[in-house]
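Just below is one structure, and these are the notes that go with it.
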Amino acid sequence: MNKLWAACPSSDLCAASFEEASLYYYRPTGETHLLNAFPREIVDLVTKQPLTSGTIAKQLADLCDEENSEAWQQKIKEVLSDLKMLGLVIETYP
Amino acid sequence: MKLSDISLKELSIKAKKEGIRFKTGPFPVRLKTDIPTLIETFRSMYGQTLLLGDHEISQFHISITQKPGLLRRWLKPQAIFSIDGIKPFEPYPLSHAFPLFEWGLNWCIGTTAHNNLMLHSAVVEKNGIGLILPAMPGSGKSTLCAGLTNRGWRLLSDEFGIIRHSDGQLLPIPRAVPLKNNSIDIIRRYAPKAILGPIYEGTRKGDVSHMAPPPNSLENQEQTVTPKIIVFPKYQNGAKTHLTPLTKSAAFTRLTNNAFNYQITMEKGFQSMARLIESSQCYNLISGDLDEAVMTLQELSEQK
Amino acid sequence: MSLLIDVITQPQKLGKLSTEEWDQLIRFSRYAKVTASLHEQIEKLGLKKHIPQNALNFLEAEQARSQFMQLQATRELHEIEQTLKTTDYPIIVLKGAAYIAGKLPPASGRRLSDIDLMVPKKHLSEIEQKLLEAGWATKDDLSDYDQNYYRKWSHEIPPIHHPLRCFEVDIHHNISPPTSSIKTNAGLLIEAATPLANSRFSILCPHDMFLHSATHLFMNDELRGGLRDLMDMHLLSAVNSTEFWSGLPERAKQLGLERPLYYAVSALRDILNTQVPDNALESINQFSPNRLSEQLMKRLINRQLAPSNPEQLQAPFTELLLFIRSHWIRMPPKMLLKHLTYKWWKNFNSQN
């Protein structure tokens, strides 16, 4: 079964979005996080629906006009891991 | 009745007995003291402030008294700050009772008044435009603030950018503006008519003298302002004055670190900060010359 | 402070105070650290429109602070739980954090700046090790003497905190130190503890929670802010009132906490007018000390818990007496002298 990445419950977050970056207030910890366009895009993607990291990598590669290389996919995994630590995304299974 | 309408003698008696109740911005304060220099300077700085009745509510009940002890009073007279019987600080030299009062009251506000978001910044206003100048070390914020208030800007505060959660308005808290070391002479030259208090030598920040809050700032201390411009000043000796735009997310981040109580105010603080940044233009200002800095900000405000 | 006691026991009065009374109340409630609780009562009873703005500002400010502290505490508990997931011995949350974790009435408007946990003595080292490995650390400025004091003579390991959050965590193996004249069997406390749902943590059973609060209040260094603890006990005793009181004296005997119970009940009746059933009261009165001690202690308690002059909220003489007494309870007199001398010396040096 493939692990899916999903956004944390919307009730946990409130956001302030600016062109170049967004700020998120995470209610369970009271922390504020700054996400620039790249991680923000990942959060937006999984907010629409839960996705595997492979799908996220492909969709983002298309969006950014980048090659969906191994290095790219690895980078996505790292960012997802960071986002998970902040509480902004969670792992789930279908 | 204003403080300046009462004789110094009467005020001193009152300060010793039931204390003086007044409001500084949104904060009602009661001050009790037996130190003559403190009352004198307090009265000259805040003459335009209204004296409140003895049965009003005060949020802070401050007492500044001379430290007891026969030998000590003679050898090394000291002033002690206390609030409800608690003495949070070490004693100051008696002659520094006024800076002790100013700094102590700031401490009371900064550590407890969490019903609003409080930035560590100067705030001034002209033509309905609120200009916020966040404090960073070496920013020259106080000098710039003092300069602006002598070129037509109303002083809201030198220290606290108080933002009301319900509507994002800036709340004035006009107080004496502490000028340090070189700034004292700079402001004397820049604004010969500005009222400066005594020079306190050898404080932790060097020599300090306070510029009295201009009468219009005290008279209008209930009048809130909409924030429109945020400028992060940086004093750099000999630098060419230049203003550069700052991205909103960068300004947001810097202000969350700058504020007194961003974390404590939790979600309300976040929302107020978001609203502030969304509706303001944000800049960095580097300057080595007060006049140029003031003119640059003047031009900026006229563009709005 | 009768004004404060009045509004605590009859919160509807909050809607009918004069500005002069509010001015006094602000000072007393700040001293007793109960302001946020008053604010919660005002909200619960819908009294906001009757409160002057100047008072409301102050209440809201304290409310904000209390909410922040509670969030911090909840978060810290969560982090600790994650770190200790693989352990299986009981971990009991004590005091303020317990009221919050257990969603008990004393949690309302509570302020807290540390978390107290209790574990079986034999697991104390292990839990310390696990937390230190996960990033918690002792305070840098703790001298060897202080470290030794904590480990050997007190009932705690030195306080720790995680540098990312700076929230103090104190871990105990009992509720009174081994050197004190009060000997409590920690095993009994642990046996009777209530596990929290979906949680690694437990809390003390209702009787033990009450007795711990009494012990903490009367045997500790400061009674300042002790009115808060008294309120907690008042609220705890109001849940299942008759059942609660009938078993309490016996439990106190089992735990060796008769004296703190006696003082707690005296103070509750004197200050908060707490209703105690007659048969429970009869048993509890038998725990009283000799008349002289009792009179002195009652005076100290009333002076400290419920001072009447807002200009004299800090009474140095009383505090000193209580400080000495609580340390005497904690340590034999010879040790106390050495400890106090060391503390005094350290204090003296830091001021000069």
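Coordinate-derived values only; no laboratory data. Note that the coordinates shown come from a computational prediction; the quantities given were computed from them, not determined experimentally. Cβ: placed from backbone, ideal geometry, glycine included. Neighbour counts: every protein chain shown.
Beta bridges from DSSP with both residues in the protein assembly as shown: antiparallel share about 75 percent, rounded to the nearest 5. Principal semi-axes of the equivalent ellipsoid, √(5λ) from the alpha carbon gyration tensor of the protein assembly as shown, are 46, 39, 24 Å from largest down.
Distance between Cα centroids, segment C:242-310 to segment C:49-101: provide it in whole Å. So the separation of the two Cα centres works out to 28 Å. Principal-axis analysis of the Cα atoms of chain A puts helix A:70-86 at an angle of about 20° to the longest axis.
Take each residue in B:79-86, count the other chain C-beta atoms within 10 Å of its C-beta, and the mean is 4. Using R₀ = 35 Å, calculate the FRET efficiency as 1/(1 + (r/R₀)^6) where r is the Cβ-Cβ separation of A:N36 and B:K180; round to 0.05. About 0.40, to the nearest 0.05.
Per-residue shielding of C:71-80, expressed as the average number of other chain Cβ atoms within 10 Å of the residue Cβ, stands at 2.
In terms of the mean number of neighbouring beta-carbon atoms within 10 Å, the peptides B:181-187, C:290-296, B:161-167, C:182-188 order highest first as B:161-167, B:181-187, C:182-188, C:290-296.
Amide H to amide H under 5 Å from B:T49: which residues, 5+ apart in sequence or cross-chain, H placed 1.01 Å off N in plane? Amide H neighbours of B:T49: B:L3, B:S4. Note on B:R188 and B:M1: their simple-model spin labels are 3.6 nm apart, each label 7 Å out from Cα toward Cβ.
Proximity of backbone amide H atoms, modeled 1.01 Å from N, is registered between C:E168 and C:I115 at under 5 Å, excluding neighbours fewer than 5 places apart on the same chain. Per-residue extension of 0.36 nm, minus the Cα-Cα distance of C:E81 and C:D278, leaves a gain of 66.7 nm for this segment. Length gained on full extension, C:L296 to C:E250: 13.9 nm, using 0.36 nm per residue less the C-alpha separation. When each of B:D54, C:D116, C:D144 is scored by the number of other beta-carbon atoms lying within 10 Å, the sequence from fewest to most is C:D144, B:D54, C:D116. Helix A:37-48 against the longest principal axis of chain A: what's the angle in degrees, Cα atoms only, rounded to the nearest 10? Around 90 degrees separate the two axes. Taking the C-alpha atoms only, the angle from helix B:290-303 to the longest principal axis of chain B is near 60 degrees.
Ignore the peptide's own chain and count Cβ atoms of other chains within 10 Å of each Cβ in A:38-48; give me the average, rounded.
The mean count of partner-chain Cβ atoms within 10 Å per residue comes to 0.
Coupling constants for segment B:98-103 follow from the phi torsions by the Karplus curve (6.51 cos²θ - 1.76 cosθ + 1.60, θ = phi - 60°), and in residue order they are 5, x, 4, 4, 4, 5 Hz; glycine and proline get x. For the protein assembly as shown, the 222 nm mean residue ellipticity estimated from helices alone, with every DSSP H stretch of n ≥ 4 adding -39500 (n - 2.57) and the total spread over all residues, rounds to -14500 deg cm²/dmol.
Ordering B:F22, C:F28 from the fewest to the most neighbouring beta carbons within 10 Å gives B:F22, C:F28.
Most tightly packed first, judged by the mean number of other beta-carbon atoms within 10 Å of their residues, the peptides C:60-68, C:158-166, C:31-39, B:286-294 read C:31-39, C:60-68, B:286-294, C:158-166. Label positions at C:S241 and B:F89, each projected 7 Å from the Cα along the C-beta direction, are separated by 5.0 nm. 3J(HN,Hα) along segment B:232-245, derived from phi through the Karplus expression 6.51 cos²θ - 1.76 cosθ + 1.60 where θ = phi - 60°, amounts to 8, x, 9, 7, 9, 4, x, 6, 6, 5, 8, 10, 10, x Hz, with x in place of Gly and Pro.
For B:Q263 and B:E18, a Förster radius of 51 Å and the Cβ-Cβ distance give a FRET efficiency of 0.85, rounded to the nearest 0.05.
Excluding residues fewer than 8 places away in the same chain, name every one of the aspartates and glutamates whose C-alpha is closer than 12 Å to that of C:K253. Filter leaves C:D208. Remark: segment B:76-90, residue by residue, has Karplus-estimated 3J(HN,Hα) of 9, x, 9, 10, 10, 9, 9, 10, 6, x, 9, 10, x, 10, 5 Hz, where x stands for each Gly or Pro and the curve is 6.51 cos²θ - 1.76 cosθ + 1.60 at θ = phi - 60°. Using equal-weight Cα scatterers in the Debye expression, the normalised intensity of segment C:1-132 in log10 at q = 0.16 Å⁻¹ is -0.80. Averaged over residues, the count of other Cβ atoms within 10 Å places the peptides B:114-123, B:99-108 in the sequence B:114-123, B:99-108, highest first. In segment B:3-112, the C-alpha radius of gyration followed by the widest Cα-Cα span (Dmax) gives 13.5, 41 angstrom.
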